[in-house]
Amino acid sequence: MRTRTLGTTGPRVSALGLGCMGMSALYGEADRGESIATVHAALDAGVTLLDTGDFYAMGHNEMLIGEALRSAPAAAREQALTSVKFGALRDPDGGWSGYDGRPAAVRNFAAYSLQRLGVDHIDVYRIARIDPDVPIEETVGAIAELVQAGHVRHIGLSEVGADTLRRAAAVAPISDLQIEYSLVSRGIEEEILPAAVELGIGVTAYGVLSRGLISGHFAPDRQLAPGDFRGMSPRFQGENLRHNLSLVEALRKIAEQKGVSVAQIAIAWVLAQGEGRGADIVPLVGARTRERLAEALGALDVVLSAEDLAAIEAAVPAGAAAGERYPAAQMAHLDSER
């Protein structure tokens, strides 16, 4: 397993991380046994970074990862690094009620996450979306206190813009920015990614397959399960979906010429962006099964030449996707989109 360092102050991690959200929430039901087996398979393959959020199914995802870690071989447990998002407020019916970045709330969220995960520290801790009522300096300062106390190792951020990134970095060292980045979500390239490079902050890229949209496995007539949030995602609706899947077919031709899958070439493209832009970018793959994990890991063996990258750019140019990446109400919470 190749490794990359999250910025100048963060930990050294596997070149691919495992995003665990889909094992508990937002994509319909998942198989608990298969989910745990997938975590074990990832650890066995050398994947060290496990990403979660304390609000994924109201703590279920953290407990799932905790169970997977307890049942994994000792050597695998020791190499595992936890990346945790906090701050999203939920209600008993599964609704969303904003974000809380107050220092007291930060300490409270961390206490519960440590218990659910069954660990004595969190490796990277970050607020999922900034709280508009709390200066980012206060939220980051509270995480810095947790670092000093030994409960957290590194401070991360999520979905923030360049200005917020700079303000946060002035308070304490920031290891990485977690943000959506893929062939069809390239908004970070203009200002955010250059700021991260300037500040020595790594990027953990989620949504590298745009929630399965550019995986090569999503059919235009697919019926989504109840609770699958893609049913409300603009990119998966009507004409938007038809247009976006036409981009996938253009990408498929390039993948077939190289003898790889669409998902593999899409992940390999994100890996190559770090090398080409002087950034430390670690894609998070949201595999829910061992089969999808194995496919994603195959992207590490895909070498993209300058000609390949040019062909991919021609097939899926920046801004080519139809539809926003979230519904309007969720887009409003993204500091990275302002």
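The values are calculated or read from the model by the stated rules, or taken from the named source; none is laboratory data. Note that this is a predicted model, so its numbers are computed, not measured. Positions of Cβ are generated from backbone atoms using ideal geometry, with glycine treated the same way; all protein chains shown enter the neighbour counts. Quick note on the areas: whole protein, heavy atoms, side chains included, nothing else; ligands and nucleic acids left out. Shrake-Rupley method; radii C 1.70, N 1.55, O 1.52, S 1.80 Å.
Miscellaneous remarks
- Label-to-label distance for residue 120 and residue 198 is 4.1 nm, based on points extended 7 Å past Cα in the beta-carbon direction.
- log10 of Debye I(q)/I(0), alpha-carbon scatterers only, for region 120-259 at 0.10, 0.16, 0.18 Å⁻¹: -0.47, -0.91, -1.00
- Remark on the chain: Rg and Dmax equal 18.7, 54 Å (Cα only).
- Restricting the GluC sites (Glu not before Pro) of region 182-211 to loop positions (DSSP other than H, G, I, E, B) with no more than 12 neighbouring Cβ atoms within 10 Å leaves 190.
- Carbon + sulfur, % of accessible area of region 213-338 - ligands and nucleic acids excluded, 1.4 Å: 51 percent
- Extension gain (nm, one decimal) between residue 229 and residue 91, 0.36 nm per residue minus Cα-Cα: 48.0 nm
- Summing charges over all other residues whose Cβ lies under 15 Å from the Cβ of residue 213, with Lys and Arg as +1 and Asp and Glu as -1, gives +3.
- Degrees, to the nearest 10: 262-277 long Cα axis against longest axis of the chain: 60 degrees
- Charge dipole (region 1-137, unit charges on Cβ, about Cα centre) - positive-most of 22, 39, 99: 39
- In this calculation the C-beta distance from residue 191 to residue 5 is compared with R0 = 25 Å, giving a FRET efficiency of 0.65.
- Evaluated with a Cβ-only charge set (Lys, Arg +1; Asp, Glu -1), region 143-217 carries a dipole of roughly 200 debye about its Cα centre, given to the nearest 20.
- Shown for region 79-140: the carbon plus sulfur share of the solvent-accessible area, taken with all protein chains present and a 1.4 angstrom probe, equals 49%.
- Other residues whose C-beta falls under 12 angstrom from the C-beta of residue 327 contribute a net charge of +2, scoring Lys and Arg +1 and Asp and Glu -1.
- Given charges at Cβ of Lys, Arg, Asp, Glu: the chain dipole, positive-most of 122, 232, 184: 122
- Approximate spin-label separation residue 29-residue 328, in nm, with each point projected 7 Å along Cα-to-Cβ: 3.5 nm
- Local electrostatic count at residue 293 - Lys and Arg +1, Asp and Glu -1, tallied over other residues with Cβ under 12 Å: -1
- Excluding ligands, DNA and RNA, the accessible surface per residue across region 1-65 is 33 Å² with a 1.4 Å probe.
- Charges were assigned to the Cβ only: +1 to each Lys and Arg, -1 to each Asp and Glu. The resulting dipole of the chain about its Cα centre is roughly 380 debye.
- Dipole of the chain, positive end: most advanced residue of 86, 168, 194 [Cβ charges, Cα centre]: 86
- Considering all different alpha carbon pairs of region 1-127, the Kirkwood hydrodynamic radius works out to 15.1 Å.
- Loop-resident GluC sites (Glu not before Pro) (DSSP state other than H, G, I, E or B) in region 2-93 with no more than 12 further Cβ atoms inside 10 Å of their Cβ: 29.
- Rounded if a/c under 1.5, otherwise prolate or oblate - region 150-214, Cα gyration tensor axes: oblate
- For the options 149, 279, 45, a Gaussian network treatment of the chain with springs between C-alpha atoms closer than 10 Å singles out 149 as fluctuating the most.
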